[in-house]
Amino acid sequence: MNRRLGRSSRTTLAVASAAIFALAGACSQAASPYDPAKLAAAQAIFAKHVPAQADMLQCLSIAAPKFFPVAKQDWDDELAKVGALLAQASFPPGQASQMIGRAASKALMADAGDSTALRARCERDNAWQERWETAQYLLFRSELEKLLVVAK
């Protein structure tokens, strides 16, 4: 498992870096100041979805490792799109990049801990499985879009 994570870490890092650099560039070009209330609401969406996503990825890596690389890549792709949303909202680049960095799959997997304890936790609480099977991780970007995207 570590070998697979090592190879995919480069992809994760590249995706996260690209999102952060795009975010920083777009924020520096933004014409309007950000809305602190929207930043707080976006942070609440992150707080709701990121721990659940961490559980899903960590448990998937143990319970169904053949699906883990796809799930990991899907999440990192979602984060790149979320980074663009945060940039369009003119959030401060440092704040937005921290939010994205903490949510990156590499960061989420760093907290997985001991595999025996992880396996026991995943067997005890299967909310991660429902999140995976029903693609609830896609709601993350959807909720942020509803909050941040202004109809033209």
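The values are calculated or read from the model by the stated rules, or taken from the named source; none is laboratory data. The model shown is predicted, which means the values in this text are computed figures rather than measured ones. Ideal geometry is used to build each Cβ from the backbone, glycine not excepted, and the neighbour counts take in all protein chains shown.
Odds and ends about this structure:
- Subset tally (residues that are surrounded by 13 or more Cβ atoms within 10 Å (Cβ to Cβ) and either modelled with pLDDT under 90 or farther than 15 Å from residue 54 by Cβ (or both)) for segment 111-125: 2
- Segment 46-71 residues that are assigned to a loop (DSSP other than H, G, I, E, B), paired with ones that are surrounded by fewer than 21 Cβ atoms within 10 Å (Cβ to Cβ) (beta carbon under 7 Å, 6 or more apart): 65/1
- Lone unmet requirement of (1) at pLDDT 90 or above; (2) within 21 Å of residue 48 (Cβ to Cβ) for residue 70: (2)
- Selection from segment 137-152 of residues that are surrounded by fewer than 16 Cβ atoms within 10 Å (Cβ to Cβ) and assigned to a loop (DSSP other than H, G, I, E, B): 149, 150, 151, 152
- The residues of segment 103-152 that are in contact with a Leu (Cβ under 7 Å, 6 or more places away or on another chain), free of Cβ contacts under 8 Å to residues at least 60 places away in the same chain and over 28 Å from residue 88 (Cβ atoms) amount to a single one, 112.
- Scoring residue 75 on the criteria (1) buried (at least 21 other Cβ atoms within 10 Å of the Cβ); (2) within 15 Å of residue 43 (Cβ to Cβ); (3) hydrophobic (A, V, I, L, M, F, W, C) leaves a single failure, condition (2).
- Extreme residue, farthest from residue 141 (Cα to Cα), among residues of segment 40-49 that are of a type in the set (A, V, I, L, M) and surrounded by fewer than 19 Cβ atoms within 10 Å (Cβ to Cβ): 40
- Residue count, segment 86-108 (criterion: of a type outside the set (S, T, N, Q), touching a helix residue (DSSP H, G or I) at 6+ places or on another chain (Cβ under 6 Å) and within 15 Å of residue 55 (Cα to Cα)): 4
- Taking segment 130-152 as the range and being within 17 Å of the chain's Cα centre (by Cα), closer than 17 Å to residue 58 by Cβ and of a type outside the set (Phe, Trp, Tyr) as the test, the residues that pass are 131, 136.
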